[in-house]
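The values are calculated or read from the model by the stated rules, or taken from the named source; none is laboratory data. Note that this is a predicted model, so its numbers are computed, not measured. We place every Cβ from the backbone using ideal geometry, glycine too, and count neighbours over all the protein chains shown.
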Amino acid sequence: MHRKNDLCKKAIINKKVEAVIFDIGDTLIAATDIAQRALLYTAVKLQKHGLIKNHGNFCEIYRIVDRRTEGVNVNHLYSGIRILSSVADALNMQKRHLFYYRFLSIYRDKVRTLIINSHYNVKNIFVELKNKNIKIGILSNGTTYEQL
């Protein structure tokens, strides 16, 4: 019995890796950390612009709503109107259209900047895999537009 298992292990170990498939969020990029940092940054800016009263309270409500919001078109990293509409309802906000516009402008710009400046050196990993003739695949359950 043990001999058969040892043979299977050796066959697996000696098999050449032909491809690697990565998930984007929290694998290739630190999506959760990036989203939290962008949220705090955005909330502070919105408070300075007078669009929200308290950035700490806003972040807390946003996180709760974000966790509860699901669906095919929901992107938790880049946010969206469905999430913001529920946050605005929970906070009884006025000037919603201005809030939506400012939030998404500031937040998404910060997310993109954090992705570009992240310390994860994905490019070097891809180059190394390519040099070894290993195919690379990327999968995501995020929305298509923002993932591209």
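A single member of Val17, Val44 is modelled with pLDDT of 80 or more and farther than 25 Å from Val87 by Cβ, and it is Val17. Of note, Leu51 does not satisfy the criterion of being in a loop (DSSP other than H, G, I, E, B), touching a residue at least 24 places away in the same chain (Cβ under 8 Å) and within 17 Å of Gly25 (Cβ to Cβ). Of all the criteria given as (1) out of contact with any Phe, Trp or Tyr (no Cβ under 9 Å at 6 or more places or on another chain); (2) closer than 25 Å to Ile29 by Cβ; (3) touching a residue at least 24 places away in the same chain (Cβ under 8 Å), the one not satisfied by Ile106 is (1). Checking Leu98, Leu114 one by one, the residue that is hydrophobic (A, V, I, L, M, F, W, C), buried (at least 18 other Cβ atoms within 10 Å of the Cβ), part of a helix (DSSP H, G or I) and in contact (Cβ under 8 Å) with a residue 40 or more places away in the chain is Leu114 and no other.
Among residues of the range 81-95 being more than 20 Å from Glu70 (Cβ to Cβ) and either among the β-branched types (Val, Ile, Thr) or surrounded by 12 or more Cβ atoms within 10 Å (Cβ to Cβ) (or both), the one that is nearest to the chain's Cα centre (by Cα) is Leu91. For the range 15-48, filtering for residues that are part of a helix (DSSP H, G or I), farther than 15 Å from Thr113 by Cβ and touching a residue at least 40 places away in the same chain (Cβ under 8 Å) leaves 1. Residues that are without any contact (Cβ under 8 Å) to a residue 12 or more places away in the chain and either under 13 Å from Leu104 (Cα atoms) or in a helix (DSSP H, G or I) (or both) within the range 69-79 are absent altogether.
Quick grid of which residues meet (1) in contact with a Gly (Cβ under 9 Å, 6 or more places away or on another chain); (2) under 29 Å from Asn121 (Cα atoms); (3) basic (Lys, Arg); (4) buried (at least 18 other Cβ atoms within 10 Å of the Cβ):
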{"residue": "Lys16", "(1), (2), (3), (4)": "no, yes, yes, no"}
{"residue": "Val20", "(1), (2), (3), (4)": "yes, yes, no, no"}
{"residue": "Asp23", "(1), (2), (3), (4)": "no, yes, no, no"}
{"residue": "Thr27", "(1), (2), (3), (4)": "no, yes, no, no"}
{"residue": "Ala30", "(1), (2), (3), (4)": "no, yes, no, no"}
{"residue": "Arg37", "(1), (2), (3), (4)": "no, yes, yes, no"}
{"residue": "Ile52", "(1), (2), (3), (4)": "no, no, no, yes"}
{"residue": "Arg68", "(1), (2), (3), (4)": "no, no, yes, no"}
{"residue": "Gly71", "(1), (2), (3), (4)": "no, no, no, no"}
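For the range 129-148, the set of residues classified as part of a helix (DSSP H, G or I), at pLDDT 70 or above, exposed (fewer than 13 other Cβ atoms within 10 Å of the Cβ) and of a type outside the set (S, T, N, Q) consists of Lys130 only.
For the range 99-122, the set of residues classified as modelled with pLDDT under 80 and not hydroxyl-bearing (Ser, Thr, Tyr) consists of His119, Asn121, Val122, listed by residue number.
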